[in-house]
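Colleague: Structure provided below as structure tokens; questions to follow.
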Amino acid sequence: MHVGESLRDSLPVSERPAYRECALTRVGYYGHKNMMPAIGYAIREQNRFVFDDPAIDAIEITFERADDPLRVERYIGDIDVDHVSVHALKLSPGSPDPPGENYLSAIKDIALENGAESISDHLGFTRDCHDGSEMGHFAPVPPTYEALEATCRNIDVIQEYFSPLRFYLENIAYLFRLEGPLGEAEFLSELLRRTGCGWLLDVTNVYANATNFGFDGFQFIEQVMPAAGRVQMHLAGGVFDEKVNMYIDSHSHPIPDGVWDLYRHALRVAAGKVDAVFIERDQNFPDEDGWRGEARKVRAIAEEMNQPEATV
């Protein structure tokens, strides 16, 4: 087996597990015939059993969890949903250099194998260059014209490689902000316009940043949304750390009221272009009622906001 080659690729063709049919050919480019987004979870071992719930028709795969060279079956097993997306952590589009081909290839392989129609990552940087040291967390991109140019170039490379799969870029939660001539909303809006990539609106990250830095999260969403052609969303619950006086996006608690309010607002201003909404939970896992209850609430709100009078 060569470096960067999966176990599947090393097997004789006759023994390889078949790729799942890509969702692009199953349900159309955006995956849905109506205005309703697909609803689901970022898949974890702790929540696989809830994907039989009628409220759930989407899965987000975290690439770093699925990237096991010894695995020969597709990561989501026999779960059948309308919308599958792969979420990466280390593309680092805000770095000076684009990501390496081995990483891009591995992500696309997982996406095709699981019938994904999209791939996403974060608007930030985790390394200083292509083969640089990983920081282990996302740092915000400096809001400068030079950083905007570099990030757009990298996203162009990423999108060209992943084509025809759609790429979405997620706004991150940050504990500090860098100074520059561009505001965060202006930077993100211009980036979306120039590259045409989708926006993975992490509603909880907007809530955290607005809480920690005193800006209006509703207004932020209103400012950026016109620049986004297609949208996915993340919802999660964090915790307010009184020691540092900041809200932490820990994915460890139920979705709070403030995030539900922003979610309703985001659905209203993004009417007609939201492809999927994913709930994230990585700690303090709920019981079965908790897992199913949040997904059902996400769907109920989406159905409510899908009514014509809700978008007026």
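The values are calculated or read from the model by the stated rules, or taken from the named source; none is laboratory data. Because the structure is a prediction, the values reported are computed rather than measured. Glycine gets a Cβ as well: all are built from the backbone with ideal geometry, and neighbour counts include every protein chain shown.
Colleague: Mind listing whichever residues of region 187-217 are exposed (fewer than 15 other Cβ atoms within 10 Å of the Cβ) and in a helix (DSSP H, G or I)?
Modeller: ARG193, PHE213
Colleague: What's the number of the only condition in (1) part of a strand (DSSP E or B); (2) over 22 Å from GLY100 (Cα atoms) that ILE221 fails to meet?
Modeller: ILE221 satisfies every listed condition except (1).
Colleague: Still on this structure, I have one more. Out of all the residues in region 176-218, which are polar (S, T, N, Q) and farther than 14 Å from GLY258 by Cα?
Modeller: SER189, THR195
Colleague: Got a number for residues in region 241-281 being in a strand (DSSP E or B) and either on the phi < 0 side of the Ramachandran plot or touching a helix residue (DSSP H, G or I) at 6+ places or on another chain (Cβ under 7 Å) (or both)?
Modeller: Summing the residues that are in a strand (DSSP E or B) and either on the phi < 0 side of the Ramachandran plot or touching a helix residue (DSSP H, G or I) at 6+ places or on another chain (Cβ under 7 Å) (or both) in region 241-281 gives 14.
Colleague: Turning to a different aspect of this structure: Could you grab me the full set of residues in region 58-82 that are under 16 Å from LEU235 (Cα atoms) and either part of a loop (DSSP other than H, G, I, E, B) or among the hydroxyl-bearing types (Ser, Thr, Tyr) (or both)?
Modeller: Scanning region 58-82 gives a single hit, THR62.
Colleague: Which pairs have Cβ atoms under 6 Å, sit 6 or more apart or on different chains, and link a residue in region 282-293 that is in contact (Cβ under 8 Å) with a residue 24 or more places away in the chain to one that is in a loop (DSSP other than H, G, I, E, B) and surrounded by 13 or more Cβ atoms within 10 Å (Cβ to Cβ)?
Modeller: ARG292/ASP53
Colleague: So ARG166 ticks every box in (1) under 17 Å from the mean Cα position of the chain (by Cα); (2) of a type in the set (Lys, Arg); (3) surrounded by fewer than 17 Cβ atoms within 10 Å (Cβ to Cβ) but one. Which box is left unticked?
Modeller: (3)
Colleague: Go over the candidates GLU149, GLU184 one by one and state the one that is crowded, with 17+ Cβ neighbours inside 10 Å and acidic (Asp, Glu).
Modeller: GLU184
Colleague: For the list (1) farther than 22 Å from PRO164 by Cβ; (2) at pLDDT 90 or above, I need the number of the one condition that ASP121 fails.
Modeller: Here ASP121 clears every test but (1).
Colleague: Of a type in the set (Gly, Ala, Ser), in contact (Cβ under 8 Å) with a residue 60 or more places away in the chain, closer than 23 Å to ASP261 by Cβ and touching a Ser or Thr at 6+ places or on another chain (Cβ under 8 Å): does that describe ALA173?
Modeller: Yes.
Colleague: Find the residue count for region 159-186, including only residues that are part of a helix (DSSP H, G or I) and of a type in the set (A, V, I, L, M).
Modeller: 1
Colleague: From the residues in region 271-301 that are surrounded by 22 or more Cβ atoms within 10 Å (Cβ to Cβ) and small (Gly, Ala, Ser), which one is nearest to GLU117 (Cα to Cα)?
Modeller: If we take residues in region 271-301 being surrounded by 22 or more Cβ atoms within 10 Å (Cβ to Cβ) and small (Gly, Ala, Ser), then ALA276 is nearest to GLU117 (Cα to Cα).
Colleague: For region 89-106, does any single residue satisfy the condition of being touching a Cys at 6+ places or on another chain (Cβ under 7 Å), over 21 Å from PRO142 (Cα atoms), in a helix (DSSP H, G or I) and not hydroxyl-bearing (Ser, Thr, Tyr)?
Modeller: No, region 89-106 contains no residue that is touching a Cys at 6+ places or on another chain (Cβ under 7 Å), over 21 Å from PRO142 (Cα atoms), in a helix (DSSP H, G or I) and not hydroxyl-bearing (Ser, Thr, Tyr).
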